[in-house]
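Asker: Please read through the structure below; I'll follow up with questions.
The values are calculated or read from the model by the stated rules, or taken from the named source; none is laboratory data. Here the structure is a predicted model, which means the values were calculated and not measured. Cβ placement follows ideal geometry from the backbone for every residue including glycine, while neighbour counts extend to all protein chains displayed.
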Amino acid sequence: MADKNEIAESFVDEYRRMGDGEKQEFARVVSKFLNETFILKNKKMDAYDFYFVQERKALFASYFALTDYVLEFDQERGFFYLATDEDRSRVRLNKFETVLLLILRLKYYENSKTASSPEDNAIGVEELVEKVNQTNIFHPIKRMTEYDLALKKLRRSKILDFKGSKLEASTRMVILPTILVVMGQSDIDLIAAELAAYSKKEEGGKG
């Protein structure tokens, strides 16, 4: 692997060949990566940026390598993301948000057996609420306003997507493939066990 001096030289050489407008776009997309971690081909607000990065993948990879990030590309599922050993881009989740994420990951796995397109990997708010209540973790049960806040946070983190500014029981949410980065595909049994552990802790207690 090239050292940072070689990476820097390669980056500077390529960057100097860019026009001013392209440099501005590069800076904007870098900022977007640092704020959002993921850029997805099939997400409307990301599509232009996805192809911008794809055409300049080596340039972005060099830039991020200089700051100890790794630019990863999931070609099969169509998204770029930043990875780091320093845990700098991880989303901080509270207990409720973590339980939602665990349930969504299990649902993604279940759906992936039959889904014919990414849009088919979805869950309704009503079903999600039912699954949360079945865990018997939270007493009293969570209000819809709490779901609204938590699920909008996961939407901002590009873990799921849904339309509208207000959640309803009938709202349909697409679970994005980025959830595989947050919770690996081989962790299904561990996820189920973690949910069971949460439930067990709450037996006889309050959540």
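Asker: Quick check on my filter: what residues within the range 90-111 are crowded, with 21+ Cβ neighbours inside 10 Å and free of Cβ contacts under 8 Å to residues at least 12 places away in the same chain?
Answerer: Answer for the range 90-111, where residues must be crowded, with 21+ Cβ neighbours inside 10 Å and free of Cβ contacts under 8 Å to residues at least 12 places away in the same chain: there is none.
Asker: Right, another one. Would you mind finding the one in Asp120, Asp148 that is out of contact with any Leu (no Cβ under 7 Å at 6 or more places or on another chain) and not assigned by TED's automatic domain parsing to the domain that holds Arg77?
Answerer: Going through Asp120, Asp148 in turn, just one is out of contact with any Leu (no Cβ under 7 Å at 6 or more places or on another chain) and not assigned by TED's automatic domain parsing to the domain that holds Arg77: Asp120.
Asker: Go over the candidates Ala27, Ala47, Ala61 one by one and state the one that is small (Gly, Ala, Ser) and in contact with a Lys or Arg (Cβ under 7 Å, 6 or more places away or on another chain).
Answerer: Values: Ala27 fails: in contact with a Lys or Arg (Cβ under 7 Å, 6 or more places away or on another chain); Ala61 fails: in contact with a Lys or Arg (Cβ under 7 Å, 6 or more places away or on another chain).
Going through Ala27, Ala47, Ala61 in turn, the sole match is Ala47.
Asker: Condition first: of a type in the set (A, V, I, L, M, F, W, C), under 21 Å from the mean Cα position of the chain (by Cα) and in a loop (DSSP other than H, G, I, E, B). Now tell me which residues in the range 132-167 satisfy that. Show your work before the answer.
Answerer: Step one: of the range 132-167, the residues of a type in the set (A, V, I, L, M, F, W, C) are 132, 137-138, 141, 144, 149-151, 154, 159-160, 162, 167.
After this cut, where a residue has to be under 21 Å from the mean Cα position of the chain (by Cα) as well, the list is 132, 149-151, 154, 159-160, 162, 167.
Matches in the range 132-167: Ile159, Phe162, Leu167.
Asker: Regarding Leu71, is this residue in contact (Cβ under 8 Å) with a residue 40 or more places away in the chain and aliphatic (A, V, I, L, M)?
Answerer: Spelling it out, it is not the case that Leu71 is in contact (Cβ under 8 Å) with a residue 40 or more places away in the chain and aliphatic (A, V, I, L, M).
Asker: Looking only at the range 1-10, filter to residues that are among the small types (Gly, Ala, Ser) and outside any loop (DSSP other than H, G, I, E, B); which one of those is modelled with the lowest pLDDT?
Answerer: From the range 1-10, those among the small types (Gly, Ala, Ser) are 2, 8, 10; that's our starting set.
Restricting the remaining residues to those that are outside any loop (DSSP other than H, G, I, E, B) gives 8, 10.
Numbers: Ala8: 95, Ser10: 91.
In this case the residue turns out to be Ser10.
Asker: Then there's this: Scan the range 98-117 and give yes if some residue there is β-branched (Val, Ile, Thr), assigned by TED's automatic domain parsing to the domain that holds Tyr147 and more than 21 Å from Leu190 (Cβ to Cβ), otherwise no.
Answerer: Yes, that holds for at least one residue.
Asker: Can you tell me which residues in the range 130-176 are more than 17 Å from Asn94 (Cα to Cα) and β-branched (Val, Ile, Thr)?
Answerer: Thr171, Val174, Ile175
Asker: So, one more: Quick check on Ser157: is it among the small types (Gly, Ala, Ser), assigned by TED's automatic domain parsing to the domain that holds Ala115, surrounded by 11 or more Cβ atoms within 10 Å (Cβ to Cβ) and modelled with pLDDT of 75 or more?
Answerer: Working: among the small types (Gly, Ala, Ser): yes; assigned by TED's automatic domain parsing to the domain that holds Ala115: yes; surrounded by 11 or more Cβ atoms within 10 Å (Cβ to Cβ): yes; modelled with pLDDT of 75 or more: yes.
Here the answer is yes, as Ser157 does meet what is asked.
Asker: Closer than 20 Å to Asp46 by Cβ, of a type in the set (A, V, I, L, M), surrounded by 16 or more Cβ atoms within 10 Å (Cβ to Cβ) and touching a strand residue (DSSP E or B) at 6+ places or on another chain (Cβ under 9 Å): is that true of Leu128 in this structure?
Answerer: Values: closer than 20 Å to Asp46 by Cβ: no; of a type in the set (A, V, I, L, M): yes; surrounded by 16 or more Cβ atoms within 10 Å (Cβ to Cβ): yes; touching a strand residue (DSSP E or B) at 6+ places or on another chain (Cβ under 9 Å): yes.
So Leu128 fails the test.
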